[in-house]
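Single-structure report; data block below.
No value in this document is a laboratory result; all are computed from the given coordinates. The structure presented is a predicted model; accordingly, all values stated were derived computationally and were not measured. Here Cβ is always computed from backbone atoms with ideal geometry, including for glycine, and neighbour counts include all displayed protein chains.
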Amino acid sequence: MDYLLHILIICLIYSIFALSLNLELGYAGLYNFGHIAFFGIGAYASALLSLQGVWIPLAMLMAAVIAGIGGSLFSLPALRLSGDYFGIATFVFAEMAHLFFLNERDLTGGPMGLPGIPRPAFTGSGVESLPLFLVFALLIALFTFGLLYRIANSPYGRALKVIREDEFVAQALGKNTFRLKTKAVMVGSFFAGLAGGLWAHYITYISPSDFTLQETILVLLCVVLGGRGTRTGPVAGAFAVIFFGEIIRFIPVPPGYVRFVAPFQGMVYGLILILMMLKRPQGIISEAGRGSNA
C-alpha cells in the first residue's frame with residue numbers, strides 16, 4: 001500500500017510538470033528542451049528557503065515565482081530565435097543550470113546535493129506521512145490543472161494555438177506573438193518550479209543528477225504520449241509513463257545483467273515514443289479538431 005501511495009505521489013508531481021510543459025509545447029508550439037532547469041530551480045529554491053525556516057507552502061510558492069521570473073528572463077533573448085535554434089538555446093540553458101547546481105557547492109551542496117529537506121509539518125514524516133502528502137500533492141495538482149484549464153479556454157489560450165499553427169497569421173491578426181510566447185514560458189516555468197518544490201519536499205534530498213537531460217526526455221514523453229495541446233493528455237501521459245517505468249522494475253533480470261535495466265528502460269521508452277508517433281501521433285487523448293474530443 002505504501003508503495004502504491006509513493007507511485008501516485010510521483011505521478012501527481014510529474015502531472016504538474018507535464019502540464020506546465022504542455023502550455024509551451026502543446027499550445028504555443030515551443031520545443032523547450034530546458035524545462036528541467038526550472039524544475040530544478042524550484043526544487044533548490046524551495047529546499048533552501050525551507051531549510052532557513054520559511055513555512056513550506058510559502059517556500060514552494062516563492063520558489064515557483066523565482067522559476068517564473070527566471071523563465072521570463074530566459075525567454076527574452078531565447079524567443080528571438082526560432083525553430084531549431086530555440087530548441088538548442090533551451091538545451092544549452094538546461095546544461096548551464098545543471099553545471100551551476102553541480103559546482104556551486106556553497107549554495108546547492110554541489111555533487112553531494114541537499115539532504116534533510118523537510119516535509120510539511122501537517123503531513124508528518126516518514127512512511128506515515130504518505131497519505132497526507134498524497135492529499136497535499138493532489139490539491140496542488142488540482143490547482144494547477146484548474147488554472148491551466150482556464151488559461152487554455154481563454155482567448156489567450158486560443159491565441160497561443162494560432163501561433164502554434166502559423167505565427168504569421170497571428171501577427172496578421174494583430175497579436176504580439178513575442179509577448180504571448182513570453183507569458184507562456186513564464187507561466188510554464190512557474191508551474192515547473194512548483195512541481196520541483198513539491199518533488200524536493202517529498203524526496204527530502206536533491207542533487208544535480210535529478211535534473212538532467214533524461215528527465216527532460218521523460219517529461220516530453222509524458223506530454224507527447226498523453227496528447228499535447230489537450231487538457232488532460234499530459235496527466236494521462238504522466239500516469240502511463242510512471243506506471244510503465246515501475247512495471248519494468250519487476251521484470252526478472254539475472255544478477256549479472258542488473259546494470260542493463262536502466263539503458264533497457266530508456267530504449268523501451270524511445271521505442272514506445274516512435275511507435276506512438278507512427279501509429280497515433282495525436283497521443284492517448286486527441287486534441288479537439290484532430291480526432292476525438294480532448
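Between Met1 and Val65, the modelled label-to-label distance comes to 4.0 nm, taking each label 7 Å out from Cα in the direction of the beta carbon. Of all lysines in the structure, those lying under 20 Å Cα to Cα from Lys161, and not within fewer than 8 positions of it along the same chain, are Lys175, Lys181, Lys183.
Direction-averaged projected area, Cα convex hull, the chain: 16.0 nm², rounded to one decimal. Arranged by the count of other C-beta atoms within 10 angstrom, fewest first, what order do Glu246, Glu287 take? In increasing order of surrounding Cβ atoms, one gets Glu246, Glu287. For region 21-56 versus region 123-166, the spacing of their alpha-carbon centroids is 13 Å. Working from label points 7 Å from Cα in the Cα-to-Cβ sense, the Leu107 to Ala121 distance is 2.9 nm. Neighbour counting of Cβ atoms within 10 Å sorts the residues Ser209, Ser46, fewest neighbours leading, into Ser209, Ser46.
Once backbone amide H atoms are built at 1.01 Å from N, Ile206 has Leu114 as its partners under 5 Å, excluding neighbours fewer than 5 places away on the same chain. A protection proxy built from the mean count of other Cβ atoms within 10 Å ranks the segments 106-115, 61-70, most packed first, as 61-70, 106-115. If the segment from Lys279 to Phe260 were pulled out straight at 0.36 nm per residue, it would be longer than the present Cα-Cα gap by 4.0 nm.
Exposure proxy ranking for Arg228, Arg164, Arg80, based on other Cβ atoms within 10 angstrom of each Cβ and starting from the fewest, stands as Arg80, Arg164, Arg228.
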